[in-house]
Amino acid sequence: MSTYGYFDDNAREYVITRPDTPLPWLNYLGQDEFFGLCTQTAGGYSFWKDAKLRRITRYRYNNNPMDNDGRFLYVKQGRSVWNPGWKPTRARLDAFECRHGLGYSRITGRKDGIEVEQLMFVPPQENLEIWKVSVRNKSRRVQKLSLFSFVEFCSFEALNDMTNYQRTYSIGEVEIEDGAIYHKTEYRERRNHYALFACTRKVDGYDTSRDAFVGVHHGLHDPQAVLAGKCTNSRAYGWNPCGAHQINLTLKPGQEETFAFILAYVDQGDLPKFDAPFVMNKAKGREILKKYSDLAAVDAAFATVKARWAGLLSTYQASSVPNAHLSRMVNTWNQVQCMATFNLSRSASGYETGIGRGMGYRDSNQDILGFVHLLPDRARQRILDIASTQLSDGTCYHQYQPLTKKGNADIGGDFNDDPLWLVLSTCAYIRETGDTTILDAPCGYADKPGSTDSLLHHIETSIAYTLNNRGPHGLPLIGHADWNDCLNLNCFSKEPNESFQTSGDVEGSKAESVMIAGLFLYAARDLVGLYKSMGRDADAARVQGYYDDMLKTVEEQAWDGAWYTRAFDAAGNPVGSKVCEEGKVFIESQAWCVLGGAGRDNGRAKKALQAVEKYLYRRDLGCALQYPPYSTYHLELGEVSSYPPGYKENAGVFSHNNTWIHIGWTMQGDGERALEYYLSICPSAKKDHDVYRSEPYVYAQMTASQFSPTPGEAKNSWLTGTGAWSFVVASQSILGVQPDFAGLRIDPCVPKKWKGFTVTRKFRGVTYTIEVKNLRGRSKGVKSLLVDGVRIEGNLIPLPTDGRTAVRVEATLGA
Ligand code: BGC
């Protein structure tokens, strides 16, 4: 139990016990097409599919106090006005609790004998969210009160909504029918969708004009209508349409009233748009309200949210794991984060405004690694969508909009690591499912409309792209950047108004990336394995040739003496080398060379990891990205040297790349270090939340490092590649259950004192119960494997050929 909350592991909830957490602590609602962000004080917003192009409610980022706008309930009790979620009024509560669960948040606040519980969730496959509200009189006297709901609508296109007031202040339109509020901005002309906000109970008033409800000179903390105890039944004409309802209640001691608010996104589809001029056809909206006016339907919908998550998580569950942090992360929260990163990539979080970044090419490919076991069909579709944003020369749109699935030219391309990640996601999908038909699936190139090249064509194009774009050392050219978006070796920017990522000329560049070389090794080895599993030996041998060649280049050109060089800049000088004054050792090249199999036979892999330990690692913080941080701006390095030392890519602890080092230690068979390093960035293991500040249940992208003035302070939680990779680390590298092309491979790497654990894994239609025993105090190496009592050589569980759907496995570690 910390100052701010605790894990309720049985309920799979994080319970926040006071509202004033060090930063807003976020949860996500929805996992299909309708999404909501929801903080412990009910802050956040909702959107359909795309946070930029279909924003339903408004949110003001970058404001003070933080986390304004949300799904607010106000209580007016006599003269007092309060919110069960504490904000926006911040009136002192007698009791507060927020339970962030899987796909739902339940906020309960009590004051002066009245308790209000607000349970928020998005039913599966529905384009709406429900707030089930219970108001209870916990006092001994009859209480009269008014409850007000409030959301602020967004005019759907979030950037325009936030910047183009000369237009947006004149376009807002609503209709009201029996207290149900229909937000229909731009509906009359080009849109065929609207938002609906309504209560299942008869309301005593409403407002749709923010100016009327909140007041031009008031704030959300003192809305005029609530202070007056009366909604004005306003109708918005332009300005800022909102949705507010008033419900008057008289409750006897012990009495409880329950009802629900529905916030829906409605697509008219083929229905006629209008009933009459200016009168929208509201049939679909009415249908939704009818369905959920029955509270049993609300409860049934919530039950499906819970059941769905229980089903998803049952694909992978580990029990008797000796470490509680690893256990709860791998079983629950890490998988929840993987769902969020899969769905939203880097688009909408407390730090990603939903208008800046859509789906990232490299990001989404990596997100699949931690998600594919949950819903392989969706991963399949995503892989094909991503591949379709690749260009026929092998380069890729770096980002695309989820709604249109079209590459976003604003951010450009030429990030030379991008193409290779497609190999990893595709191989992960095939390992999970065995479905090699995906390789033949037609998915065109973005610059060849109508093309139907196969996914395998894309994969070969990606491999060829790296091979054909190499620099003076034979290493891959970096382009605008590699995984490290901020290592801009061709940028040379002196102009503050230009982007580090899109400016600079990459034509004719000589700057090379060792990290891409390591990633290439990894991807090539993956592809060799895939070809072999398909019996395509000639292709396997061809790609193995590329691998061998690149490995030789890496070992000859990139070993710096005690670690792998990070890159060579445009002038051919090494980056991340002992000859550099700052930025001598970088994490990514150690990680990817080791992961790609470099240094395995000559001891360099271990040395590279030891360099990470010596220069970058701190047990309480994790590994900094590089050492020493850049203290001045380097024109030839770009954004990496722009951050103050110890933050972000300038030697912050960038959690994402830490996970690769964790895998590296398991490859070395060092189970003690693997776990210790794993815990160094694990949010659940963070002790002082006033220092760490971010959510304890999901990874943050970055923690300020030992080189910063605020070591240990985390930022940018939720949408980070750390989610997927940490799940790979915990489930595959440490606990050691690894999907492989021909079956499940068992290869744990654990601390010597661990006695064992059990994993239940659903894999290609079979449920495996895998008991790992470690009676001799080993870290790695399966000595015996019993599959339904039959001893198997090696550590690969073959796929059952006799229709068995449940298999018991006993794996014993030993020499
Ligand atoms: C980006 C990633 C990138 C990482 C490191 C993140 O913000 O989404 O694509 O690899 O930063 O620069």
Exercise. Taking the Cα atoms only, what angle lies between the long axis of helix 334-344 and the longest principal axis of the chain, rounded to 10 degrees?
Worked result: 80 degrees
Exercise. Once both axes come from the Cα atoms, what is the angle between helix 361-371 and the longest principal axis of the chain, in degrees from 0 to 90, rounded to 10?
Worked result: 90 degrees
For this session: Which order do the peptides 562-572, 603-613 take when ranked by the mean count of other beta-carbon atoms within 10 Å per residue, highest first?
Result: 562-572, 603-613
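Which FRET efficiency, nearest 0.05, do Leu375 and Asp267 yield, Cβ-Cβ r, R0 22 Å?
The formula returns an efficiency of 0.45 here.
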For this session: Tell me which residues come under 5 Å, amide H to amide H, from Ser454 once H is placed; ignore anything under 5 positions away on its chain.
Result: Cys443
Exercise. For the Cα atoms of the chain, what angle does the longest principal axis make with the long axis of helix 514-533, in degrees from 0 to 90, nearest 10?
Worked result: 90 degrees
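Take each of the peptides 705-713, 271-279, 420-428, 386-394, average the number of other beta-carbon atoms within 10 Å over its residues, and list them starting from the highest. Before the final figure, lay out each step's value.
On the way: 705-713: 19.6, 271-279: 10.0, 420-428: 24.9, 386-394: 22.2.
Highest-to-lowest ranking by the protection proxy: 420-428, 386-394, 705-713, 271-279.
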Exercise. Using 7 Å Cα-to-Cβ label points, what is the Ala91/Arg619 separation (nm, one decimal)?
Worked result: 5.0 nm
For this session: For a quick protection proxy, order the peptides 140-150, 159-169, 666-676, 331-341 by their average other-Cβ count within 10 Å, most packed first.
Result: 331-341, 666-676, 140-150, 159-169
Exercise. Relative contact order, percent, of region 375-489 when contacts are C-alpha pairs under 8 Å separated by at least 6 residues?
Worked result: 29 percent
Exercise. For region 77-145, what is the per residue volume of the convex hull drawn over the alpha-carbon atoms, in cubic angstrom?
Worked result: 99 Å³
For this session: Please work out the FRET efficiency for the pair Lys252 and Asp32, using the Cβ-Cβ distance as r and a Förster radius of 51 Å; give the result to the nearest 0.05.
Result: 0.80
Exercise. Which entries of Lys715/Lys762; Lys202/Lys282; Lys532/Lys773; Lys87/Lys132; Lys606/Lys752 show an alpha-carbon separation above 26 angstrom in the structure shown?
Worked result: Lys715/Lys762; Lys532/Lys773
Exercise. For region 640-703, taking Cα atoms only, what is the radius of gyration to one decimal and the Dmax to the nearest whole Å?
Worked result: 13.0, 37
Problem set entry | Per-residue [θ]222 nm for the chain (sum of -39500 (n - 2.57) over DSSP H runs n ≥ 4, rounded to 500) | -8000 deg cm²/dmol
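Can you send over the carbon and sulfur percentage of the accessible area for region 288-421, probe radius 1.4 Å, protein chains only?
Numbers: 2170 of 3960 Å².
Using a 1.4 Å probe with all protein chains present, region 288-421 comes out at 55 percent carbon and sulfur.
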For this session: Report, as a whole number in µm² per second, the diffusion coefficient that Stokes-Einstein gives for region 1-143 at 4 °C and 1.567 mPa s using the Kirkwood radius over alpha carbon pairs.
Result: 83 µm²/s
Seminar exercise, completed: HN-Hα couplings for region 307-315 via Karplus (6.51, -1.76, 1.60; θ = phi - 60°), in whole Hz with x for Gly/Pro, come out as 5, 5, 5, 4, x, 4, 6, 5, 5
Exercise. Roughly speaking, what is the stretch gain from Thr805 to Arg235, that is 0.36 nm per residue apart minus the C-alpha to C-alpha distance, in nm to one decimal?
Worked result: 199.2 nm
For this session: Please work out the ratio of the alpha-carbon Rg of region 176-277 to 2.2 N^0.38 Å and round it to two decimals.
Result: 1.23
Seminar exercise, completed: Answer check: region 132-205, Cα atoms, Kirkwood Rh, Rg/Rh ratio of 1.13
Exercise. FRET efficiency for Thr163 and Asn468, Cβ-Cβ distance as r, R0 = 25 Å, nearest 0.05?
Worked result: 0.05
For this session: Quote the Stokes-Einstein diffusion coefficient, in whole µm² s⁻¹, for region 25-99, based on the Kirkwood radius over alpha carbon pairs, a temperature of 37 °C and a viscosity of 0.692 mPa s.
Result: 245 µm²/s
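Let me check I've understood the local charge: for Glu126, count other residues with C-beta under 11 angstrom from its C-beta, Lys and Arg +1, Asp and Glu -1. What total comes out?
-2
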Exercise. For Arg188 and Ala324 in one chain, what is 0.36 nm times their gap in residues minus the Cα-Cα distance, to one decimal in nm?
Worked result: 43.4 nm
Problem set entry | Dmax and Rg, reported as Rg then Dmax, of the chain (C-alpha, Å) | 27.5, 83
Problem set entry | From phi via Karplus (6.51, -1.76, 1.60), per-residue ³J(HN,Hα) for region 88-102 in Hz, x at Gly/Pro | x, 5, 6, 5, 4, 9, 7, 8, 8, 8, 10, 9, 8, x, 7
Problem set entry | Around Phe342: net Lys/Arg minus Asp/Glu count, Cβ-Cβ under 11 Å | 0
For this session: Under 19 Å from a label point 7 Å along Cα→Cβ of Asp178: give me every residue in region 267-297 with its amide N that close.
Result: 275-276, 279-297
Problem set entry | Amide H contacts of Lys773 (H built 1.01 Å from N, under 5 Å, at least 5 apart or other chain) | Ala811, Thr812, Leu813
Exercise. In percent, what relative contact order does the chain have, based on Cα pairs under 8 Å that are 6 or more apart in sequence?
Worked result: 9 percent
Seminar exercise, completed: Around Lys753 (Cβ within 12 Å, Cβ-to-Cβ, excluding Lys753; K/R +1, D/E -1) the net charge comes to +3
Seminar exercise, completed: Over all Cα pairs of region 701-815, the Kirkwood radius sets Rh, and Rg/Rh then becomes 1.12
For this session: With N set to the residue count of region 774-814, report its C-alpha Rg divided by 2.2 N^0.38 Å to two decimal places.
Result: 1.26
Exercise. Where the accessible area of region 724-815 is counted over protein heavy atoms with a 1.4 Å probe, how much of it, in %, is carbon and sulfur?
Worked result: 51 percent
Problem set entry | Amide proton proximity set for Ala481, modelled H, under 5 Å, gap of 5+ | Asn416
Problem set entry | J(HN,Hα) series, region 661-676, from Karplus relation 6.51 cos²θ - 1.76 cosθ + 1.60, nearest Hz, glycine and proline x | 5, 4, 5, x, 5, 5, 5, 7, x, 9, x, 5, 5, 4, 6, 4
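The values are calculated or read from the model by the stated rules, or taken from the named source; none is laboratory data. Just so you know, these numbers come straight off a predicted model, no measurement behind them. Ideal geometry is used to build each Cβ from the backbone, glycine not excepted, and the neighbour counts take in all protein chains shown. With ligands, DNA and RNA removed, areas are computed over all heavy atoms of the protein, side chains included. Shrake-Rupley method; radii C 1.70, N 1.55, O 1.52, S 1.80 Å.
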